[in-house]
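Here is the structure we will look at, set down as structure tokens.
The values are calculated or read from the model by the stated rules, or taken from the named source; none is laboratory data. Fair warning: this is a prediction, and the values are worked out from it, not measured in the lab. No Cβ is skipped: glycine too gets one built from the backbone with ideal geometry, and neighbour counts run over all protein chains shown. Side chains are part of the model used for accessible areas, which takes the heavy atoms of the whole protein and leaves out ligands, DNA and RNA. Shrake-Rupley method; radii C 1.70, N 1.55, O 1.52, S 1.80 Å.
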Amino acid sequence: MKSLEELAAIRAKMLEQVSLRKGDNIDTRIVVGMATCGIAAGAKETFAAFVDAMAERGLTNVLVRQTGCMGRCAEEPTVEVVVPGLPTVVYGRVDAAAAKEIVEKHIVGREIVAANVLDKSGADSAKGE
């Protein structure tokens with residue numbers, strides 16, 4: 001049986017995770033594909049890794065959310081990242097380690113992680129980038 005202090009700590013951690021998903025100053029989005037194929041490929045762990053990385057870095061401007069099928073079942077877990085001033089990127093085969101790398105390089109460092117890129121936004125592709 002958990003003590004009142006342990007329950008309060010669990011509650012505080014969960015409230016912090018919820019606030020990461022619905023903040024008012026959001027300008028960046030991470031969307032994890034969580035259809036059956038994504039979950040079977042480890043998307044729940046990927047989602048948790050993104051939430052943990054956001055909390056570790058103290059990032060409050062990033063919305064981490066889930067969506068259904070992204071149409072890339074063979075590349076699951078798939079993740080779409082939208083950062084202002086950068087092309088929208090869909091990453092594939094994003095495990096917990098790749099999620100942390102995406103946070104460090106793409107979200108914080110503003111550098112696309114080429115190894116996991118499946119697709120960039122059409123406008124950027126048309127420019128040959």
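A few comments on the model shown:
- When the trypsin sites (Lys or Arg not before Pro) in the stretch 37-128 are filtered for DSSP coil states and for at most 11 other beta-carbon atoms within 10 Å of their beta-carbon, the remaining sites are Arg110, Lys127.
- Degrees separating the helix 43-57 axis from the principal Cα axis of the chain, which is the longest one: 80
- Unpaired Cys in the chain, meaning no second Cys C-beta under 4.7 Å: Cys69.
- For the chain, averaging the sequence separation of C-alpha pairs within contact (under 8 Å, six or more residues apart) and dividing by the residue count gives a relative contact order of 25 percent.
- Antiparallel content of DSSP bridges confined to the chain, in %, to 5: 60
- The chain, accessible surface, carbon-and-sulfur percent (1.4 angstrom probe): 53
- With the Kirkwood sum run over all distinct C-alpha pairs, the stretch 57-113 has a hydrodynamic radius of 12.0 Å.
- Number of Lys pairs (Cα under 27 Å; 8 or more positions apart or on different chains) in the chain: 16
- Expressed per residue, the C-alpha convex hull volume of the chain stands at 118 Å³.
- Most to least packed among 47-53, 5-11 [average Cβ atoms within 10 Å]: 47-53, 5-11
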